[in-house]
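Below is one structure, written out as structure tokens; the observations come after it.
The values are calculated or read from the model by the stated rules, or taken from the named source; none is laboratory data. This structure is a prediction, so every number in the text was calculated from the model and none was measured. Positions of Cβ are generated from backbone atoms using ideal geometry, with glycine treated the same way; all protein chains shown enter the neighbour counts. With ligands, DNA and RNA removed, areas are computed over all heavy atoms of the protein, side chains included. Shrake-Rupley method; radii C 1.70, N 1.55, O 1.52, S 1.80 Å.
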Amino acid sequence: MPVRRDQDGAGSDLSAVLVAYSSIEGHTARIAQRIAEVLRSAGHRVDLLPAGPYLAWSDYAGVIVGASVHYGHHPARLCSQLHACRNELANRPSAFFSVSLGAKEHYAKKFLRRAGWRPQLTAVFRGALQYSRYGPIKRRVVQAFAAVGGHDTDTSRDYDYTDWKAVDSFATAFSALVT
């Protein structure tokens, strides 16, 4: 396997896959974890990390980025970061997954257009209502949005709407891109 040496002499495995995610309540992180597990079971070395400015995208053979939508937007900071490294990402297999309660594709399209990034693979997954993780004010706001959207409003429990088979299929399709 090719190895890239960093300034301090440490090596980076250029055949590795990075799964980076931006998550607020943790559900997008759970989806990223599942993707990493599928990739590992396919024989890939995977680094699973929260998205941040410290990531060395070029150290990886393939990159998957996931982000959640809150109040109609993906994180602006992540969009700026991806815009800054879009050329690095264009030189390797890359994928993006978006997580939102209604699984709205237009959120992902708008985000990727702003970032100037065209990953080879994209997916939109339904998220979760995690009432137990919300503070009292956010719980009421989310409950009101959920009612308007026809989602569950019983705040005494959490709801997971993610199609986990679709997540597995997305990871398997990305594995084929990197192999």
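Out of all the residues in segment 7-23, which are touching a strand residue (DSSP E or B) at 6+ places or on another chain (Cβ under 7 Å), of a type in the set (A, V, I, L, M) and modelled with pLDDT under 75?
Filtering segment 7-23 down to residues touching a strand residue (DSSP E or B) at 6+ places or on another chain (Cβ under 7 Å) leaves 11-14, 16-23.
Restricting the remaining residues to those that are of a type in the set (A, V, I, L, M) gives 14, 16-20.
Leu14 - this is the single residue of segment 7-23 that is touching a strand residue (DSSP E or B) at 6+ places or on another chain (Cβ under 7 Å), of a type in the set (A, V, I, L, M) and modelled with pLDDT under 75.
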*Would you mind telling me which numbered condition in (1) open to solvent by less than 60 Å² (accessible area, probe 1.4 Å); (2) in contact with an Asp or Glu (Cβ under 9 Å, 6 or more places away or on another chain) Arg126 fails?*
(1)
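Table: residues versus (1) in contact with a strand residue (DSSP E or B) (Cβ under 9 Å, 6 or more places away or on another chain); (2) without any contact (Cβ under 8 Å) to a residue 24 or more places away in the chain; (3) open to solvent by 30 Å² or more (accessible area, probe 1.4 Å); (4) of a type outside the set (A, V, I, L, M).
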residue: Thr28; (1), (2), (3), (4): yes, no, no, yes
residue: Gln33; (1), (2), (3), (4): yes, yes, yes, yes
residue: Ala42; (1), (2), (3), (4): no, no, yes, no
residue: Pro50; (1), (2), (3), (4): yes, no, yes, yes
residue: Trp57; (1), (2), (3), (4): yes, no, no, yes
residue: Gly62; (1), (2), (3), (4): yes, no, no, yes
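So in segment 163-179, with the set limited to residues that are in contact with a strand residue (DSSP E or B) (Cβ under 7 Å, 6 or more places away or on another chain) and under 29 Å from Asp59 (Cβ atoms), which one is most open to solvent (accessible area, probe 1.4 Å)? It would help to see each step written out before you state the result.
Residues of segment 163-179 in contact with a strand residue (DSSP E or B) (Cβ under 7 Å, 6 or more places away or on another chain): 163, 166-167, 170, 173-174, 177-178.
Now narrow it down to the ones that are under 29 Å from Asp59 (Cβ atoms): 166-167, 170, 173-174, 177-178.
On the way: Ala166: 36, Val167: 1, Phe170: 12, Ala173: 44, Phe174: 0, Leu177: 77, Val178: 34 Å².
The selected residue is Leu177.
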_Please verify whether Val99 is modelled with pLDDT under 95, under 28 Å from Tyr134 (Cα atoms), open to solvent by less than 30 Å² (accessible area, probe 1.4 Å) and in contact with a Gly (Cβ under 9 Å, 6 or more places away or on another chain), treating the condition exactly as stated._
no
*asked:* For segment 129-153, which positions are buried (at least 19 other Cβ atoms within 10 Å of the Cβ), under 24 Å from Val167 (Cα atoms) and out of contact with any His (no Cβ under 8 Å at 6 or more places or on another chain)?
replied: Tyr131
*Residue among Ala115, Ala76 that alone is of a type in the set (Gly, Ala, Ser) and free of Cβ contacts under 8 Å to residues at least 12 places away in the same chain*: Ala76
